[in-house]
Amino acid sequence: MPARAAPSLAESRKAATPMALARAIVAAYRRYGQDPARALRLAQITPASLQAPDGRITARQMEVLSAAAMQELDDEALGAFSRRLPWGSYGMVARAALSSPDLGVALKRWCRYHALLTDDIRLELVVTGASAAIVIDEQVDLGSARDFALVSVLRNIHGIACWYIDSRIPLQGARFPFAAPPHADAFKLMFPGPLRFDAPKAEIRFDARYLALPLRRDEKALRQMLQRAVPLMVLQYRRDRLLVQQVRQALAAHPDETHSAQGLAGLLNMSVRTLHRQLKEEGASLQQLKDEVRCERAKELLYRSEKPVKQVAAATGFRNEKSFIRAFRQWTGLSPAEFRTQALE
């Protein structure tokens, strides 16, 4: 995926990316009969450091090296597959899935469109109960580029999934069909969560509820992202937009235990301070979510039951009928009686 190869490497970032990934990119240059000297120079990687068995580079260096190589080789897969993925290939796939109503549809489209780029692997979204996984089926022997290819593809699709919904998607686990490499500790940074090597297939697994979240990006945001997309594979999102959904579900399922922020935070295994802070980062507030849940519950009772307004008020947590009527009118512009009449017409 395209990236802007800025020359400045002044950021003081920890060198945690394995040099083995840089060597895999250099190997792609050799397969294409091209010289990697310029790309290595831009990334400030010396020949000596490149050969260091336990060498590490910063995420920024990896971004610069990858971006330069993708453009010089005209291959966004960096030699991982049997044919090139010309410059702009992943941008085309990202754009094709951008109109999806939710992340689940977007990932299914991404997997399907990726098959148009290469026959070497097949990507599949597999949902099992409460868990979702992106699984890679290898169709050919990927050879010496295998490890790099599988890691890159999974990092790429995880990054674009987070970007689509503007949310951190924590991984429940990652599996790889090869032995643990010497730099296995770096996998904990690239794929936070339980790791397994020597697995049958390569895959990442996450909470299936993220699949229902709507996409939050448009064409303008896509164009901006494509100017510097490689960081998607190395930088983690701070916010987790699933929290709003989790709060709504907890408020609806446990009304007696979520009257207070402390009770709700306890159900979600976080502190009250963290709860308020993360909701604020998502542009929401606890009171707003409480009102939304109470409003939906009130609408449901008014529409599907014949309970008197006084009982509906009590069932939605109001101490008296008057305060409920006042709040309901603020939420909907109608009194409970007017809403019931219109809903039943």
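Here the stretch 132-145 is the region considered, the condition is being at pLDDT 95 or above and not in a loop (DSSP other than H, G, I, E, B), and the residue that is farthest from Arg205 (Cα to Cα) is Glu138. Determine, yes or no, whether Phe148 is more than 15 Å from Val93 (Cβ to Cβ) and in a helix (DSSP H, G or I). Yes; evaluated as a whole, the condition is true for this residue. Figure legend. Inter-residue proximity from the stretch 98-126: first residues assigned by TED's automatic domain parsing to the domain that holds Glu203 and without any contact (Cβ under 8 Å) to a residue 60 or more places away in the chain, second residues among the charged types (D, E, K, R) and part of a strand (DSSP E or B), beta-carbon distance below 7 Å, spacing 6+ or different chains. Indicated pairs: Cys111/Glu124; Ala115/Arg122; Ile121/Asp137; Ile121/Glu138; Arg122/Asp137; Glu124/Asp137.
Looking at the structure I just gave you, is Pro200 farther than 30 Å from Glu219 by Cα and not charged (D, E, K, R)? Judged against the criteria, Pro200 is a match. Kindly evaluate Asp166 against the criterion of being in the same structural domain as Ala27 (by TED's automatic domain parsing), among the acidic types (Asp, Glu), more than 26 Å from Arg248 (Cβ to Cβ) and surrounded by fewer than 17 Cβ atoms within 10 Å (Cβ to Cβ). It is false that Asp166 is in the same structural domain as Ala27 (by TED's automatic domain parsing), among the acidic types (Asp, Glu), more than 26 Å from Arg248 (Cβ to Cβ) and surrounded by fewer than 17 Cβ atoms within 10 Å (Cβ to Cβ). Once the stretch 93-103 is narrowed to residues that are crowded, with 16+ Cβ neighbours inside 10 Å and among the aliphatic types (A, V, I, L, M), the residue that is nearest to the chain's Cα centre (by Cα) is Leu103. Tally up the residues in the stretch 260-273 that are in a helix (DSSP H, G or I), surrounded by fewer than 13 Cβ atoms within 10 Å (Cβ to Cβ) and within 24 Å of the chain's Cα centre (by Cα), please. Selection size over the stretch 260-273: 0.
Quick grid of which residues meet (1) in a helix (DSSP H, G or I); (2) touching a residue at least 40 places away in the same chain (Cβ under 8 Å):
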position	(1), (2)
Ala24	yes, yes
Ala39	yes, no
Pro53	no, yes
Val64	yes, yes
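Scanning the stretch 109-131 for residues that are over 27 Å from Arg30 (Cβ atoms), out of contact with any Leu (no Cβ under 6 Å at 6 or more places or on another chain) and either among the hydrophobic types (A, V, I, L, M, F, W, C) or not in a helix (DSSP H, G or I) (or both) yields Trp110, Ala115, Leu116, Arg122, Leu123, Glu124, Val126, Val127, Thr128, Gly129, Ala130, Ser131. When the criteria are applied in full, Arg248 meets the requirement of being assigned to a helix (DSSP H, G or I), of a type outside the set (A, V, I, L, M) and in contact with a Leu (Cβ under 7 Å, 6 or more places away or on another chain). Just one of the listed residues (Ala69, Ala80, Ala106) is assigned to a loop (DSSP other than H, G, I, E, B), surrounded by 15 or more Cβ atoms within 10 Å (Cβ to Cβ) and of a type outside the set (S, T, N, Q), and it is Ala80.
Only residues that are in contact with a helix residue (DSSP H, G or I) (Cβ under 8 Å, 6 or more places away or on another chain) and under 25 Å from Ile165 (Cβ atoms) were counted in the stretch 272-284, giving 7. Restricting the search to the stretch 182-224, which residues are in contact with a strand residue (DSSP E or B) (Cβ under 8 Å, 6 or more places away or on another chain), touching a residue at least 60 places away in the same chain (Cβ under 8 Å) and not in a helix (DSSP H, G or I)? Passing the criteria: His183, Lys201, Ala202, Glu203, Ile204, Arg205, Phe206, Asp207.
Does the stretch 289-309 hold any residues that are part of a helix (DSSP H, G or I) and exposed (fewer than 13 other Cβ atoms within 10 Å of the Cβ), and which are they? Of everything in the stretch 289-309, those that are part of a helix (DSSP H, G or I) and exposed (fewer than 13 other Cβ atoms within 10 Å of the Cβ) turn out to be Tyr303, Arg304.
The values are calculated or read from the model by the stated rules, or taken from the named source; none is laboratory data. Everything numeric in this text was worked out from a predicted model, so none of it was measured. We place every Cβ from the backbone using ideal geometry, glycine too, and count neighbours over all the protein chains shown.
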